[in-house]
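S.K.: Just dropping this structure here.
Values quoted throughout were computed directly from the atomic coordinates according to the rules given, and no laboratory measurement underlies them. Remember, predicted model here, so these are calculated numbers, not experimental data. FYI the Cβ positions are ideal-geometry reconstructions off the backbone, even for glycines, and counts take in every protein chain you see.
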Amino acid sequence: MLSSPQIWKDFFETYYRDELNRLADAMEFGGEKSLHVNFVKDLSIYMEGKLGEELLESPDRVIAHANEGIALTENIHDVSLEGCKVRFYNLPASRRVLIRDLRSEHISKFVAIEGIVRKVTEVRPRVVKAVFACTKCGKLVEVIQEDELTLKQPYECPACKNKRFLFLPEESYTVDSQRIRIQEYPENLRGGEQPQQIDVILEGDLTGKVNPGDRVIVNGIVRAKPRKFGSKQSQHMDLHIEGNSIEILQQEYEEFEITEEDKKRILKLAEEENIFEKIVASIAPSIYGHEDIKLAIALQLFGGVPKKLPDGTEIRGDIHVLLVGDPGVAKSQILRYVHRIAPRSVYTTGKGTTTAGLTATATRDEFDGRWTLEAGALVLADKGIALVDEIDKMRNEDRSALHEAMEQQTVSVAKAGINAVLRARCALLGAANPKYGRFDKYTPIAEQIDLSPTLLSRFDLIFVLTDEPDEVRDRKLAEHILKTHEIGEKLEKLRNVASVEFTKEEIDRESEIAEIVPAIEPELLRKYIAYAKRTVFPVLSEEAKQKIVEFYLSLRSRAKDNSAVPVTARQLEALIRLAEASARLRLSDVVDREDVERVIRIIKSSLEQIAVDPETGEIDIDYAFTGTSKSQRDRILILKRIIEELEASNEKGAPEEEILKAAQEEGIDERKAKELLRKMREIGDIYSPREGYYRIAVK
């Protein structure tokens, strides 16, 4: 073997003279004790790469030599570097192994694995060399500890043969230890695949550096341990990584390799006049219609510009969209398609999702009982998109975790002494069904889906998908679905039958005519989105700003004379985010008037679906989010006053007959008054002490 402590000493003094001096300087003040060696840049060229090859194939011996070699080196501070560790990073691509591809041939070899940190335990000391005192003669006995859960004791005292000992923690040698779990990137999985995970043991100054949701490359040695069943060991072994170094990646779209050829195609695509129509046609093309919704989702995929102001305030750039509607209108299919084309996405469904699965949690580790911090779907979707189907089916306490994640884009965990704030910078695309099966356009959306007003108001756009009979549209939809099935049948026949009467080219032509094939192939669209998010940061033009202010003021001006409030500052921020996304979609560095006009049309379309008071025909944002319009609020105040006056002169409470009579004199007809009394009871404003009587609830 070429490797020896002397060879490593020569390597460090040739390539890492400055780093050795810095390390010695840091050690004087109790700082870091690691020397980081760039494998590709330095080790792969030293001695024609032979030393590097030995490291990859026999890491235990070579790393031991490197650690001994660093102790032999000299530095300007004349400080001993004994006890320092050598950490290798930037391994060649040939040594980057997918978690699912780890095999027996990798055991005891040096590899690099990449993924998302899913779980992190507390940092705790681990005994490396235990010292025991004999209870009879007091002799001290040292025992080197294996990587086991239980403390290994001496068999007997070498002096008096006694078998009873007392463990001395203060005399023993310990090292900080932490276990993390790495999961494969969700965007690299093919349909239906489960992401695989592997545990990584970190020790010394590697501990406490990563959080759940971080994207990392771990360089280390693959270890194998037999599975245990009680006191017995299985023939099958579990793999884990003994970490040597860890590289925390910037959580951008860098993992998407965009070649020069890809870049040319992307820039050419952006120059096309009908780029918006093309991208809309590339989102769920097998689903007929819903162009406004598909455009909104396209803008959501590109996103606005996240901002950090001079005072430290952060403004989110991610766009949240909610789809509400009748069963069978393809909401789930739209979500599934977005999951396929988004460069980074996590899909979950409300029914089986808990707070822990959605955000993050602290749980006790099944391996060694330590508390662990585990990332949920929104943390894993950081810098991407989280798709939550059946969001209305989640329990209230689970949904409440969404409030912080949607606006502050963080997830806070405070449990078992763990206080952590994790990043969840993701857009949310949710789908919900109305409580009673079908959507009723005359009932406020807040009453039809079980979501709180505060949560509803955090969505930038809410769309309603209804299934209403319309002969022309129904015919087109039926023809589209039939054509989709026919093409699917022909493709299956082509795959499974030797002789068929049609060719693949004919099917492709039919698919194009039927607009079932996406206008932009999914792989190119993913790269287009990744390129835009990585390189384009548009700024509002003066024209765009003027148009936004005009639109906002024109809506707000309707709120004079104590009438309904049509929009709030939240909708203004949504408009800006969407306009930035529109410019980004064009790969433009400037948000112009055309972007704002496009977005105003979508926002109006959304508001007209959810926020129009059926009585006045005016847009009322409170009607959308609370279910109570301005006109209803006014009548509720009148009814409250009537009940207060009547209950003062009636011991049993305010009689319903007299309430209805007084309400009629105030211009509220009997049907509306009865409906409002029911609503006031539901929200707890009034109660009925006995049949036919009401009292104001004391709050």
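S.K.: Taking the Cα centre of the range 1-109 as origin, work out the dipole magnitude from +1 charges on Lys and Arg Cβ and -1 charges on Asp and Glu Cβ, in debye rounded to 20.
M.R.: Using Cβ point charges on Lys, Arg, Asp and Glu, the range 1-109 gives about 580 debye.
S.K.: Taking only Cα atoms, what is the 0 to 90° angle, nearest 10, from helix 471-496's long axis to the longest principal axis of the chain?
M.R.: The answer is roughly 30 degrees.
S.K.: Tell me the label-point distance for the pair TYR687, LYS33, using the 7 Å Cα-to-Cβ offset, in nm and rounded to one decimal.
M.R.: 6.6 nm
S.K.: Another one. Nearest 10 degrees, 0 to 90: what angle lies between the long axis of helix 331-341 and the longest principal axis of the chain (Cα atoms)?
M.R.: Once rounded, the angle reads 40 degrees.
S.K.: Quick one: angle between helix 59-72 and the longest Cα principal axis of the chain, in degrees between 0 and 90, rounded to 10, please.
M.R.: 70 degrees
S.K.: Okay, next question. Dipole size in debye (nearest 20) for the range 106-246 around its Cα centre, Lys and Arg Cβ +1, Asp and Glu Cβ -1?
M.R.: Once rounded to the nearest 20, the dipole reads 680 debye.
S.K.: Kindly identify the range 5-90 as rounded, prolate or oblate by the Cα gyration tensor criterion: order the square roots of the eigenvalues as a ≥ b ≥ c, call it rounded if a/c is under 1.5, otherwise compare a/b with b/c, prolate if a/b is larger, else oblate.
M.R.: Note, shape of the range 5-90 comes out prolate.
S.K.: Taking the Cβ of ASP176 as the centre, find all other residues whose Cβ is under 14 Å away and add up their charges (Lys, Arg: +1; Asp, Glu: -1).
M.R.: With Lys, Arg at +1 and Asp, Glu at -1, the neighbours total +3.
S.K.: As a quick test, which of the pairs LYS264/LYS533; LYS393/LYS483; LYS41/LYS85 have an alpha carbon distance above 23 angstrom in this structure?
M.R.: LYS393/LYS483
S.K.: Another one. Name the residue from CYS426, PHE110, HIS65 whose Cα lies farthest towards the positive end of the charge dipole of the chain, charges +1 on Cβ of Lys and Arg and -1 on Cβ of Asp and Glu.
M.R.: Most positive-ward Cα: HIS65.
S.K.: Okay, next question. Charges at C-beta only: +1 for Lys and Arg, -1 for Asp and Glu. How large is the resulting dipole of the chain about its Cα centre, in Debye rounded to 20?
M.R.: Using Cβ point charges on Lys, Arg, Asp and Glu, the chain gives about 1880 debye.
S.K.: Cut-off 12 Å, label point 7 angstrom out along Cα-to-Cβ of LYS136: give me the residues of the range 154-181 whose amide nitrogen falls inside.
M.R.: Counting only backbone N, you get 156-165.
S.K.: I want to check the label-to-label distance for MET47 and GLU670. Put each point 7 Å from Cα in the C-beta direction and report it in nm to one decimal.
M.R.: Going from the MET47 label point to the GLU670 one covers 10.1 nm.
S.K.: Sticking with this structure for a sec: In what sequence do TYR694, TYR16 fall when counting other Cβ within 10 Å, fewest first?
M.R.: TYR16, TYR694
S.K.: When we measure straight from the Cα of LYS674, which lysines land under 20 angstrom away, once same-chain ones fewer than 8 places off are left out?
M.R.: Candidates past the 8-residue exclusion: LYS630, LYS640, LYS652, LYS661.
S.K.: Given ILE182, CYS157, VAL222, which one lies farthest toward the positive end of the charge dipole of the range 106-246, if we put +1 on the Cβ of every Lys and Arg and -1 on the Cβ of every Asp and Glu?
M.R.: CYS157
S.K.: Measure up LYS294/LYS493; LYS152/LYS232; LYS268/LYS476; LYS383/LYS415; LYS129/LYS232; LYS163/LYS228 against 23 Å on the Cα-Cα distance and list the ones that go over.
M.R.: LYS294/LYS493; LYS268/LYS476; LYS383/LYS415; LYS129/LYS232; LYS163/LYS228
S.K.: I need to check one value: relative contact order of the range 1-144, counting alpha carbon pairs closer than 8 Å and at least 6 residues apart, in percent.
M.R.: Rounded, it is 24 percent for the range 1-144.
S.K.: For CYS160 and SER452, compute 0.36 nm times the residue count separating them, minus their Cα-Cα distance, and round to one decimal in nm.
M.R.: Contour length minus Cα-Cα distance gives 97.8 nm.
S.K.: Here's a follow-up. Just want the ordering: ASP460, ASP326, ASP214, from fewest to most Cβ atoms lying within 10 Å of their own Cβ.
M.R.: Exposure proxy ranking, most exposed first: ASP326, ASP214, ASP460.
S.K.: Going by average Cβ density within 10 Å per residue, which order do the peptides 644-655, 201-212 take, highest to lowest?
M.R.: Top to bottom by mean Cβ count within 10 Å: 201-212, 644-655.
S.K.: Given the Cα-Cα distance of THR313 and ASP199 and 0.36 nm per residue of separation, how much length would full extension add, in nm? If you can, show how the numbers build up before the last one.
M.R.: Numbers: separation 114, 0.36 × 114 = 41.04 nm, distance 3.63 nm.
Using 0.36 nm per residue and subtracting the Cα-Cα distance, I get 37.4 nm.
S.K.: Right, another one. Once a ≥ b ≥ c are taken as the square roots of the eigenvalues of the Cα gyration tensor of the range 380-433, is the result rounded (a/c under 1.5), prolate (a/b larger than b/c) or oblate (a/b not larger than b/c)?
M.R.: On the way: a/c = 2.69, a/b = 1.39, b/c = 1.93.
Note, shape of the range 380-433 comes out oblate.
S.K.: Kirkwood Rh over Cα pairs of the range 630-696 into Stokes-Einstein at 20 °C, 1.002 mPa s: D in µm²/s?
M.R.: 185 µm²/s
S.K.: Please report, in cubic angstrom per residue, the volume enclosed by the convex hull of the alpha-carbon atoms of the range 211-327.
M.R.: Dividing the Cα hull volume of the range 211-327 by its residue count gives 327 Å³.
S.K.: Continuing with this model, one more query. For the peptides 260-270, 426-436, 171-181, 295-305, what is the packing order when you average, over each peptide's residues, the other Cβ atoms within 10 Å and list the highest mean first?
M.R.: Details: 260-270: 13.2, 426-436: 23.1, 171-181: 18.5, 295-305: 25.4.
Per-residue mean Cβ counts within 10 Å order the peptides as 295-305, 426-436, 171-181, 260-270.
S.K.: Let me have the relative contact order for the chain, percent, based on Cα pairs under 8 Å that are six or more residues apart.
M.R.: RCO, the chain: 10 percent.
S.K.: For a test of the definition: using alpha carbon positions, the gyration tensor, and the 1.5 limit on a/c, classify the range 83-241 as rounded, prolate or oblate.
M.R.: prolate
S.K.: Further question: Set the Förster radius R0 to 25 Å, insert the Cβ-Cβ distance between SER94 and MET1 as r into 1/(1 + (r/R0)^6), and round the FRET efficiency to 0.05.
M.R.: Efficiency, from the Cβ-Cβ distance: 0.75.
S.K.: Still on this model: So, R0 is 25 Å and r is the distance between the beta-carbons of VAL175 and MET237; what FRET efficiency does that work out to, to 0.05?
M.R.: 0.50
S.K.: Report the dimensions of the chain along its three principal axes from the alpha-carbon atoms, largest first, rounded to Å.
M.R.: Principal-axis extents of the chain (Cα, largest first): 104, 78, 58 Å.
S.K.: Name the residue from VAL500, MET406, ILE99 whose Cα lies farthest towards the positive end of the charge dipole of the chain, charges +1 on Cβ of Lys and Arg and -1 on Cβ of Asp and Glu.
M.R.: ILE99
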